[in-house]
Amino acid sequence: MEIFGVGGAELAAILIIMLIVAGPKRMIQWAYVLGQYVAKFRSIWADVMDGVQKELDEAGMDVQLPKTMPTRADLNQHITTFTNPAANVWAGITAPVQDVMNDVSTEIKQAQDTVQEEKVAS
């Protein structure tokens, strides 16, 4: 498990150094303050998402925004959801082009066969 590119062993080392430098009493205070900021950030996130969702609904767009802060798993799921329709659109564009290219290559082979037959006949 990694948090901001920091692994488990590195996180343990950071916590031990913080415990030595700050002491257990200040670390408890820091954790409490950090928890308050996280709670504020989550409430701000929810308020912003509600406001943006309201604007999107009024604009008639059919988009649902998440109420909670996204996690890595949520982001991977959303990326997969958004890239699959793009792949379908891309396939819809490339399929006719591929058909035309196949038709052209077939006509080129037929023309080459015709030229070779004429050379043999001459």
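One table, with the values for the structure above:
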| read-out | value |
| --- | --- |
| Count of lysine pairs in the chain with Cα separation under 24 Å (8 or more residues apart, or interchain) | 5 |
| Net +/- balance of residues flanking THR68 in space, Cβ distance below 9 Å, scoring K and R +1, D and E -1 | +1 |
| Cα-projected label distance for PHE41 with MET101, points at 7 Å along beta-carbon direction, nm | 4.7 |
| Of ASP99, ASP74, ASP62, the one that fluctuates the most in a GNM where the chain has Cα springs shorter than 10 Å | ASP99 |
| Degrees between helix 8-59 axis and first principal axis of the chain (Cα, 0 to 90, nearest 10) | 60 |
| The chain, relative contact order [Cα under 8 Å, separation at least 6], % | 12 |
| Residue among THR81, THR106, THR94 with the largest mean-square fluctuation in a Gaussian network model of the chain, springs linking Cα atoms under 10 Å | THR106 |
| R0 of 22 Å, Cβ-Cβ distance ALA12-HIS78: FRET efficiency to nearest 0.05 | 0.10 |
| Helix-derived mean residue ellipticity, 222 nm - over the chain, DSSP H n ≥ 4, -39500 (n - 2.57), to 500 | -31500 deg cm²/dmol |
| Share of alpha-carbon pairs per 10 Å distance bin for the chain, given as whole % | 10, 16, 19, 15, 12, 9, 8, 6, 3, 1, 0 |
| Tail beyond 16 Å, pair distance distribution of segment 70-122 (Cα, percent) | 66 |
| Whole-number D in µm² s⁻¹ for segment 1-69, Kirkwood Cα-pair radius fed into Stokes-Einstein, 4 °C, 1.567 mPa s | 86 |
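Rule-based calculations on the coordinates, nothing more; no lab input. Only a predicted model underlies this, so the values are computations on that prediction, with no experimental measurement involved. For neighbour counting, all protein chains shown are included, and Cβ atoms are generated from backbone atoms with ideal geometry for every residue, glycine included.
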